[in-house]
Amino acid sequence: MSVMTLQKTLGDGAVLAKRNLIKIKRVPDLLVFSTMSPIMFILLFAYVFGSAINVPGIGYREFLIPGIFAQTVIFGATITGAGLADDIQKGIIDRFRSLPMSRSAVLVGRTTSDVLNNVLVIVIMSLTGLAVGWRIRSSFLEAAGGFLLLLLFAYAISWIMAWVGLIVPSPEVVNNASFMIIFPLTFVANTFVPTNNFPSGLRTIANWNPVSSVTQAARQLFGNTSDKAPAPKDWSLQHPVIYTLIWVVLLLAVFIPLSVRQYKRSASR
Amino acid sequence: MVDVIRATGLVKKYGEIRALDGLDLAVPEGTVLGVLGPNGAGKTTAVRILATLLQPDGGSAEVAGFDVVRQPGKVREQIGLSGQYAAVDEYLTGFENLDMVGRLYGMGRRRSRERARELLERFTLADAADRPVKTYSGGMRRRLDLAGALVAQPPVLFLDEPTTGLDPRSRTDMWEVIVELVKAGATLLLTTQYLEEADRLADDILVIDHGREIAHGTADELKAQVGGERVEIVVGTRADVDVAKSVLAVLADGDVVVDEHTRRLTAPVKGGAGVLMETLRRLDAEDIAVLDVALRRPTLDDVFLTLTGHAAEVEVEAEADTKKKGRGKEKKAAPAELEETTAR
């Protein structure tokens, strides 16, 4: 890609990201929904399950919050798919495709605005977390790295969802499908409980699940770990930052080209 | 004149169905081609291929000298597309929609804003400019969509059924806008199900069905294929019908058709208005009360019926509305309307 095309892609992408953000402003229901559910999760898990779950050496709420962060930003990434499917259904993608604009700008704009949406969601969740007793016990840089890794991971998931959004027949399908896939994906992991007592097959899956590694990485970077509850011995959780970054690179390398190719082909329905 | 849009042998298949089956078309610079056909005839498919949204399975097409398959980027710089379903963002305001399109055409921030305001003014949307499009009526959305296609003043325009689903008032407004565009020199390909629309806006009409051309020519040429003019009169009483028939028979260029029930007589004629005048003079001399009279040329409805063996059925309801608006056109005056009403 030449510098000129890259510049055009980023410029057009910014125009479209702005368009998507205006929509969040005009339809606050979207934001309310995407922030209310994590707040609800924090409160339910902290006070209902928290009373029964015991993580050695650390308060459950501190253990829990990074897990909920991970789950929530992944759900936040699904907006990418629903948004694109909606644009196709409404025909506005036809307008974009008939313009002399960058071929990948619609996707760049969409994934960018969804990351910005996730930033907002993380801020709200962090405040809720602080209110129920979560604390960052590391340095500022480490904590910033933790947030960045969560967003980066969500960004990669966004590109999977972009591809999904371009191949499904309607936005509702994205919502249903992502619910069916993301719920198990985020529960068969160390997000809400330690994996030690999982049945062995499930434990292996959970420990190599990238949702576990991004959660483990966030816990480490926020200082929400304890020596009394060491991470499982699997390489993925011993090197959670690297393992997560490998996933991010892999997902982007596969789904960016796949989505761009699908975008060029997709027709309005 | 140079053909700005040219397609040769376009084929598009969806499984077994051939949406386009070897379609040829050409639009000389500064003219309007009306592509006319019922639902599913392949009109939208043809537009989508020419606007680079769809790849043809066969044939080739050029727009403004660029190949739609090999140089789609170049084509996109030359075209404006306004589709059947208004492709505007409901949550943005009218202004934001046009500004966004301007920026995506590569205009600078200031130029893009100026242009957006200019277009909103021209399409009488200035008052609604800063309201979300959600609050717009169907006609307003269509105008905004068309404005979107004009942001960069592209020399070639594709309008895919620009008035489908609009109320008669909005349709007439849209026609005025289109007529202005053509006056300003745009080359335009317009698809429509409305025969009257093609008649009124297009220099050249291509009638298609099942992805193939079934007729091609000016509105007059197509009508000539079907037959010449007819005089139609409606007399006041049953008793007058026979006398009127004998009067018409003298002047007619063929058999006089009588509908006893509606007391309507139709006769093919040669000589246009002169024959009509003569008919009236003679009827007057016989002291026959004439309720309605018209010189009727075949409409494109007749053309369609003759060419395809089926009427453009999608037409009926909306057409009844537009006819009332189209009174300025002599050839489609009262009898056509009468037919509509008696047919029900």
Inter-chain shielding metric for A:17-25, i.e. average beta-carbon neighbours from other chains within 10 angstrom, reads 3
Charge dipole of chain B built from unit charges on the beta carbon (Lys, Arg +1; Asp, Glu -1), centred at mean Cα; most positive-end Cα among B:I79, B:L222, B:T187 is B:I79
The alpha-carbon center of segment B:131-186 and that of segment B:31-83 are separated, in whole Å, by 18
The answer for GluC sites (Glu not before Pro) in segment B:191-269 that fall in a DSSP coil and have at most 14 neighbouring Cβ atoms within 10 Å is B:E260
Classified through the alpha carbon gyration tensor (a ≥ b ≥ c as square roots of its eigenvalues; rounded if a/c is under 1.5, else prolate when a/b is larger than b/c, else oblate), segment B:51-204 comes out oblate
Around B:L283 (Cβ within 14 Å, Cβ-to-Cβ, excluding B:L283; K/R +1, D/E -1) the net charge comes to -3
Mean separation of Cα contacts under 8 Å (at least 6 apart) over the residue count of segment A:75-162, i.e. the relative contact order in percent, is 58
Quick calc, segment B:241-305, dipole around Cα centre from Cβ unit charges on Lys, Arg (+) and Asp, Glu (-), nearest 20 debye, gives 180
Low-density loop trypsin sites (Lys or Arg not before Pro), segment B:56-101, at most 13 other Cβ within 10 Å, DSSP non-H/G/I/E/B, are B:R70
One would report the antiparallel percent of DSSP beta bridges in chain B, rounded to the nearest 5, as 65
Dipole check, segment A:1-141, charges on Cβ (K,R +1; D,E -1), about Cα centroid: among A:Q71, A:S104, A:I42 the Cα furthest to the positive pole belongs to A:S104
Placing each pseudo-label 7 Å from Cα in the direction of the beta carbon, B:V2 and B:K245 end up separated by a distance in nanometres of 6.2
By the C-alpha gyration tensor axes a ≥ b ≥ c (rounded if a/c is under 1.5, else prolate when a/b exceeds b/c, else oblate), the shape of segment A:1-68 is oblate
In debye to the nearest 20, the charge dipole size for the protein assembly as shown, taken about the Cα centre with +1 at each Lys and Arg Cβ and -1 at each Asp and Glu Cβ, equals 3320
XL table A:K264/B:K43; A:K264/B:K134; B:K12/B:K74; A:K23/B:K74; Cα-Cα > 24 Å flagged, in table order, is A:K264/B:K134; A:K23/B:K74
Of segment B:55-90, those with amide N under 18 Å from the point 7 Å along the Cα→Cβ vector of B:S137 are B:86
Taking A:W235, A:W163 and counting other beta carbon atoms within 10 angstrom, the fewest-first order is A:W235, A:W163
1/(1 + (r/R0)^6) with r = Cβ-Cβ of A:D29 and A:F187, R0 = 30 Å, i.e. FRET efficiency to nearest 0.05, evaluates to 0.70
Taking a label point 7 Å from the Cα of A:F140 along Cα-to-Cβ, the residues of segment A:215-248 whose backbone nitrogen sits under 14 Å from it are none
In debye to the nearest 20, the charge dipole size for chain B, taken about the Cα centre with +1 at each Lys and Arg Cβ and -1 at each Asp and Glu Cβ, equals 1240
Candidate cut points under trypsin sites (Lys or Arg not before Pro) in segment B:263-313, DSSP loop plus at most 13 other Cβ atoms within 10 Å of their own Cβ, are B:K270
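Each value in this text was obtained by applying a stated rule to the coordinates, not by laboratory testing. Model, not experiment: these values are computed from the prediction. Using ideal geometry, Cβ is built from the backbone for each residue, glycine included, and neighbour counts are taken over all protein chains shown.
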